[in-house]
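The values are calculated or read from the model by the stated rules, or taken from the named source; none is laboratory data. Values in this document were obtained by computation on a predicted structure and should not be read as measured data. Quick reminder, even Gly has a Cβ in these numbers, built from the backbone with ideal geometry, and neighbours come from all protein chains shown. These area figures cover heavy atoms from the full protein model, side chains too; ligands, DNA and RNA do not enter into them. Shrake-Rupley method; radii C 1.70, N 1.55, O 1.52, S 1.80 Å.
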Amino acid sequence: MTQAPEGVLPVDKPLGWTSFDVVAVARGALGAKRIGHGGTLDPLATGVLPLLVGPATKFADRLHTAPKVYAALVLFGHETTTDDREGAVTTEADVPALAQSDLDSAIAPFRGSIEQVPPTFAAVKVGGRRAYARARRGETVALSARTVTIERLAIADWEPPALRLLVVCSTGTYIRSLARDIGRAIGSAAHLGGLRRLAVGSLTVDDATTVEALRGMPDAAAFREADDRILPLADRYREAPAAELLSSWGRSA
């Protein structure tokens with residue numbers, strides 16, 4: 001009987017997939033019942049989704065607290081119910097006519113430790129139920145602000161109405177909320193148009209395998225022979241990615 005693999009497997013989650021969709025494919029491909037993930041990605045987002053395979057599932061909490069790196073596309077002109085491109089328009093406003101240097105000064109207050117209100121359509125619980133479940137039923141959802149940390153917030157490109165940002169942040173940070181709040185801060189309206197997670201701790205997109213590679217393997221043994229990306233457990237995965245890697249990622253949202 002083939003022994004199921006164990007360790008950390010970073011996967012590049014495709015657009016439109018849920019994190020649980022990726023877990024389901026991995027379970028079938030690897031022949032492992034115990035698979036978790038180290039940080040949910042919305043269907044709209046792509047990028048690094050670390051899977052914890054076998055005994056490595058006990059490592060999930062530590063990966064959840066690792067810093068995250070995102071390439072984000074913020075679109076100005078309107079807000080939506082979900083704070084991203086999938087929601088209905090709730091507010092319209094003029095696109096700001098700002099030079100990039102002025103825009104950089106305007107987003108400066110979002111660097112460091114900030115108070116952030118999660119999106120109405122979020123997985124956080126309100127009264128024992130997910131906020132998004134209440135919102136979908138038409139209920140009014142009041143979410144409290146919570147403290148998050150934006151370690152780095154850099155403009156990669158500014159071509160109105162599109163702002164591309166590189167974000168390094170703590171766990172629990174909503175990039176959808178960041179897009180919404182930046183729009184409001186400069187007297188406009190904005191939502192998240194696209195998101196790619198480039199790293200979770202020291203695990204980057206360069207470490208990630210694809211869903212297609214998982215699907216193409218007949219069994220766990222074949223996958224191990226073809227791919228060396230099932231990594232052994234190590235606390236170093238919680239470390240922030242090397243600073244020299246970040247500069248090349250700004251345009252990949």
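Scanning the range 8-21 for residues that are surrounded by 22 or more Cβ atoms within 10 Å (Cβ to Cβ) and within 21 Å of LYS58 (Cβ to Cβ) yields VAL8, LEU9, PRO10, VAL11.
When the test is whether a residue is open to solvent by less than 60 Å² (accessible area, probe 1.4 Å), within 18 Å of ARG197 (Cα to Cα) and part of a loop (DSSP other than H, G, I, E, B), ALA72 does not pass it.
Residue pairs whose Cβ atoms lie under 9 Å apart, separated by 6 or more positions or on different chains, with the first residue in the range 152-165 and more than 14 Å from LEU192 (Cα to Cα) and touching a residue at least 40 places away in the same chain (Cβ under 8 Å) and the second open to solvent by 30 Å² or more (accessible area, probe 1.4 Å) and basic (Lys, Arg), are ARG152/ARG111; LEU153/ARG111; ILE155/ARG164; ALA156/ARG164; ALA156/ARG251; ASP157/ARG164; ASP157/ARG251; TRP158/ARG164.
Just wondering, is there one or more residues in the range 52-62 that are touching a Lys or Arg at 6+ places or on another chain (Cβ under 9 Å) and free of Cβ contacts under 8 Å to residues at least 24 places away in the same chain? Yes; the residues of the range 52-62 include at least one that is touching a Lys or Arg at 6+ places or on another chain (Cβ under 9 Å) and free of Cβ contacts under 8 Å to residues at least 24 places away in the same chain.
Looking at the range 55-69, which of its residues are outside any strand (DSSP E or B) and either at pLDDT below 85 or open to solvent by less than 10 Å² (accessible area, probe 1.4 Å) (or both)? Matches in the range 55-69: PRO55, ALA56, THR57, LYS58, PHE59, ALA60, ASP61, ARG62, LEU63, HIS64, THR65, ALA66.
Within the range 75-89, if we keep just the residues that are assigned to a strand (DSSP E or B) and among the hydrophobic types (A, V, I, L, M, F, W, C), the residue that is farthest from VAL23 (Cα to Cα) turns out to be PHE76.
Matching residues to (1) farther than 13 Å from GLU79 by Cα; (2) out of contact with any strand residue (DSSP E or B) (no Cβ under 6 Å at 6 or more places or on another chain); (3) among the acidic types (Asp, Glu); (4) buried (at least 21 other Cβ atoms within 10 Å of the Cβ):
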position	(1), (2), (3), (4)
TRP158	yes, yes, no, no
LEU163	yes, no, no, yes
VAL168	yes, no, no, yes
ARG176	no, no, no, yes
GLY183	no, no, no, yes
ALA189	no, no, no, yes
GLY194	yes, no, no, no
ARG197	yes, no, no, yes
THR204	yes, yes, no, no
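Scanning the range 36-54 for residues that are touching a helix residue (DSSP H, G or I) at 6+ places or on another chain (Cβ under 7 Å), at negative phi and either open to solvent by less than 10 Å² (accessible area, probe 1.4 Å) or part of a helix (DSSP H, G or I) (or both) gives GLY38, LEU41, VAL48, LEU49, PRO50, LEU51, LEU52, VAL53. Among the residues of the range 86-111, write down those that are within 22 Å of the chain's Cα centre (by Cα), at pLDDT below 95 and either over 14 Å from TYR174 (Cβ atoms) or hydroxyl-bearing (Ser, Thr, Tyr) (or both). Within the range 86-111, GLU86, ALA88 meet the criteria.
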